[in-house]
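These notes concern the structure reproduced below.
The values are calculated or read from the model by the stated rules, or taken from the named source; none is laboratory data. Computed from a predicted model, the values in this text were never measured in an experiment. In this analysis, Cβ positions are derived from the backbone assuming ideal geometry, glycine residues included, and neighbour counts consider all displayed protein chains.
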Amino acid sequence: MVSPKLAMIFALTLLPFLFINKSDAASYYPFGLHGDGAEVAPFASQKVDLSVYYASLSQPSATFIVKNLEEIFHSDLINIINLHLVPWANAYVNKTNQSIICQNGPDECELNSLETCALNVWNDVSKHYALIYCFEFLAIEGRQKNWQDCFSQLDLPEEPVLNCYTRENATEIGQKYINETAPLEFLPLVMVNNESIGKEYENFTRYVCEAYRGTPVPAACNGWSTNKF
């Protein structure tokens with residue numbers, strides 16, 4: 001059972017869509033305020049790359065994804081960002097049998113694998129982020145073994161993700177992610193346009209706004225001076 005707190009967060013996010021016909025419901029997901037048909041053209045130029053390197057059972061990583069990163073989906077900031085989520089940080093491959101060892105044990109490898117599959121099955125950031133958010137929320141509460149609840153809670157199909165997971169595609173893809181994430185001193189590692197912002201990761205909005213050079217400036221950047229040529 002997903003916690004009442006998580007259910008409330010999702011319910012509030014879905015409030016504008018309560019009267020949509022069920023046949024149309026598949027087009028709408030929590031945090032999916034800017035889906036495939038959304039109008040984002042005014043902000044389409046010169047998007048900022050925001051990359052988050054993390055491990056699924058790292059508490060600072062989970063807290064960042066749930067508490068901080070979700071803010072971009074409740075503002076127009078998402079319109080100027082290319083979001084890249086990269087799990088498997090600080091995991092490594094056992095050269096003897098090619099298995100993957102995760103910093104926080106087998107449960108983390110399982111969740112990393114599932115999140116890897118979500119990222120690769122769905123190009124729509126609103127879908128894979130919603131599922132990862134739910135997984136990480138459970139991880140914060142120590143209930144990561146209940147990950148399957150997230151599919152029903154979000155009305156997302158299990159089959160494509162579980163097919164990826166059970167066919168071991170996730171392990172193969174995971175090894176590619178591991179190659180991207182050299183051992184890191186702390187997690188999460190947040191990069192704006194390929195530049196680390198170090199331990200200032202909770203203030204990523206400032207760095208995104210300062211890096212953005214398109215027009216118009218999103219309302220979320222009000223109060224931050226942006227760099228312009």
State whether the residues of the range 125-137 include one that is within 30 Å of Val48 (Cβ to Cβ), small (Gly, Ala, Ser), in contact with a helix residue (DSSP H, G or I) (Cβ under 6 Å, 6 or more places away or on another chain) and at pLDDT 95 or above.
yes
For the range 161-200, which residues satisfy the criterion of being among the hydrophobic types (A, V, I, L, M, F, W, C), at pLDDT below 80 and surrounded by 16 or more Cβ atoms within 10 Å (Cβ to Cβ)?
Ala170
Determine, yes or no, whether Trp147 is of a type in the set (A, V, I, L, M, F, W, C), free of Cβ contacts under 8 Å to residues at least 40 places away in the same chain and farther than 29 Å from Ser196 by Cβ.
yes
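How about the range 142-171: which of its residues are within 17 Å of Ala62 (Cα to Cα) and touching a helix residue (DSSP H, G or I) at 6+ places or on another chain (Cβ under 9 Å)?
Arg143, Gln144, Lys145, Asn146, Trp147, Cys150
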Among the residues of the range 110-117, are any surrounded by fewer than 23 Cβ atoms within 10 Å (Cβ to Cβ) and within 18 Å of the chain's Cα centre (by Cα)?
yes
Within the range 156-210, the count of residues that are touching a strand residue (DSSP E or B) at 6+ places or on another chain (Cβ under 6 Å) and assigned to a loop (DSSP other than H, G, I, E, B) comes to 4
What residue, of Gly142, Gly214, is out of contact with any strand residue (DSSP E or B) (no Cβ under 7 Å at 6 or more places or on another chain), under 26 Å from Lys47 (Cα atoms) and surrounded by fewer than 19 Cβ atoms within 10 Å (Cβ to Cβ)?
Gly214
Of the listed residues (Gln144, Gln148, Gln103), the one being at pLDDT below 95 and more than 14 Å from the chain's Cα centre (by Cα) is Gln103
Restricting attention to the range 162-189, and to residues there that are more than 16 Å from Tyr92 (Cα to Cα) and of a type in the set (A, V, I, L, M), which single residue is farthest from the chain's Cα centre (by Cα)?
Leu162
Of the conditions (1) assigned to a helix (DSSP H, G or I); (2) closer than 24 Å to His74 by Cβ; (3) in contact (Cβ under 8 Å) with a residue 40 or more places away in the chain; (4) under 15 Å from the mean Cα position of the chain (by Cα), the single one that Asn120 does not satisfy is (2)
